[in-house]
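Written out below as structure tokens is the structure these notes cover.
The values are calculated or read from the model by the stated rules, or taken from the named source; none is laboratory data. Everything quoted here is computed from the prediction, not taken from an experiment. Methodologically, a virtual Cβ is constructed for each residue, glycine included, from the backbone with ideal geometry; neighbour enumeration extends over all protein chains shown.
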């Protein structure tokens with residue numbers, strides 16, 4: 001199958017290149033937009049990422065270019081107009097469970113980084129300042145950790161938190177029996193907000209979860225609580241988070257996502273500057289730890305993303321991807 005990969009980076013290409021004997025692969029640096037969709041001409045499938053634009057006009061342009069499959073090398077599909085895709089007869093596939101521990105461990109990293117002031121500590125040492133005044137942290141052990149969404153990633157995060165000796169409570173429309181057997185208690189959303197010392201978001205973005213953590217939700221949380229978002233930026237009202245931080249009603253915010261990240265993440269803006277006031281306020285705040293959507297970025301996850309995605313595309317051709325479990329890099 002001929003596949004056009006958009007918005008590709010140097011770190012991911014080798015994981016797909018090892019399967020060139022099974023598929024004809026074209027890499028494009030450009031993001032997938034309506035303007036760039038014509039690059040997919042002559043390809044049966046396109047492969048896109050979370051920052052790409054799979055809106056109605058883009059999907060129509062892909063259809064006109066002869067594309068029949070849209071393959072997302074990520075779990076979320078919130079940037080894909082699924083209704084239009086169905087109307088156009090485009091098949092949409094993703095990789096929902098490529099490596100839940102990669103993102104879960106990123107969330108844990110953000111928690112510990114905030115609780116132990118690791119950003120400030122690192123800056124001091126780099127500057128030759130070895131004092132530790134003002135760096136008194138808190139222990140994760142014994143804290144109440146709330147988790148919104150206990151799918152693959154949320155479940156992995158819960159298991160890690162249990163290992164730290166935390167009391168873990170969760171909210172999900174489909175409670176997990178396995179987690180309950182491990183000691184996770186499912187509670188209402190309001191109970192989750194009011195009881196959590198750490199609140200971690202691991203839910204998909206949809207109309208129900210958009211701006212789930214708004215000013216009202218933040219007002220219900222403990223002023224000593226830490227909020228973690230490794231899911232999708234639009235689940236959180238970023239401006240409300242900054243207001244809560246500035247007013248002392250939230251202790252810290254750790255995020256691997258941003259509501260307008262498609263405009264900024266994945267590029268080096270150090271010379272041009274970042275022209276987004278909200279993002280600038282967020283990334284410069286002393287009690288914010290922000291990373292640029294790198295939760296998935298492990299060797300294990302990249303291996304599984306390539307393997308799973310290309311195996312699914314081979315399946316659509318009515319064949320198995322021979323040697324897929326013995327790829328040289330995995």
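Just a few scattered comments:
- Candidate set: the range 248-258, residues that are surrounded by fewer than 21 Cβ atoms within 10 Å (Cβ to Cβ) and out of contact with any strand residue (DSSP E or B) (no Cβ under 6 Å at 6 or more places or on another chain); chosen: the one nearest to residue 204 (Cα to Cα): 249
- Residue 152, sole failed condition from (1) surrounded by 16 or more Cβ atoms within 10 Å (Cβ to Cβ); (2) out of contact with any strand residue (DSSP E or B) (no Cβ under 9 Å at 6 or more places or on another chain); (3) in the same structural domain as residue 8 (by the TED database): (3)
- Residue within the range 47-56 that is part of a helix (DSSP H, G or I) and in contact with a strand residue (DSSP E or B) (Cβ under 8 Å, 6 or more places away or on another chain) present: no
- Residue in the range 163-181 that is farther than 27 Å from residue 212 by Cβ and outside any helix (DSSP H, G or I) present: yes
- Summed over the range 213-232, residues that are surrounded by fewer than 20 Cβ atoms within 10 Å (Cβ to Cβ) and touching a helix residue (DSSP H, G or I) at 6+ places or on another chain (Cβ under 6 Å) total 3.
- Taken together, 199, 205, 245 contain a single residue that is surrounded by 24 or more Cβ atoms within 10 Å (Cβ to Cβ) and either in the same structural domain as residue 140 (by the TED database) or in contact (Cβ under 8 Å) with a residue 60 or more places away in the chain (or both), which is 199.
- Yes/no for residue 58 being modelled with pLDDT of 95 or more, in contact with a helix residue (DSSP H, G or I) (Cβ under 6 Å, 6 or more places away or on another chain) and surrounded by fewer than 19 Cβ atoms within 10 Å (Cβ to Cβ): no
- Within the range 202-237, being within 16 Å of the chain's Cα centre (by Cα) and outside any loop (DSSP other than H, G, I, E, B) holds for 227, 228, 229, 233, 234, 235, 236.
- Test: residue in the range 125-145 that is in a helix (DSSP H, G or I) and either more than 19 Å from residue 255 (Cα to Cα) or in contact with a helix residue (DSSP H, G or I) (Cβ under 9 Å, 6 or more places away or on another chain) (or both): yes
- Search result, residues across the range 266-288 that are surrounded by 12 or more Cβ atoms within 10 Å (Cβ to Cβ), modelled with pLDDT of 95 or more and either over 19 Å from residue 249 (Cα atoms) or in contact with a helix residue (DSSP H, G or I) (Cβ under 8 Å, 6 or more places away or on another chain) (or both): 269, 274, 276, 278, 279, 280, 281, 282, 285, 287, 288
- Single match in 310, 302, 282 (criterion: within 26 Å of residue 236 (Cα to Cα), in contact (Cβ under 8 Å) with a residue 24 or more places away in the chain and not in a loop (DSSP other than H, G, I, E, B)): 282
- Single residue of the range 9-30 satisfying the filter (in a loop (DSSP other than H, G, I, E, B) and touching a helix residue (DSSP H, G or I) at 6+ places or on another chain (Cβ under 8 Å)) that is surrounded by the fewest Cβ atoms within 10 Å (Cβ to Cβ): 11
- Selected residue [closer than 21 Å to residue 300 by Cβ and surrounded by 22 or more Cβ atoms within 10 Å (Cβ to Cβ)] from 103, 95, 46, 70: 103
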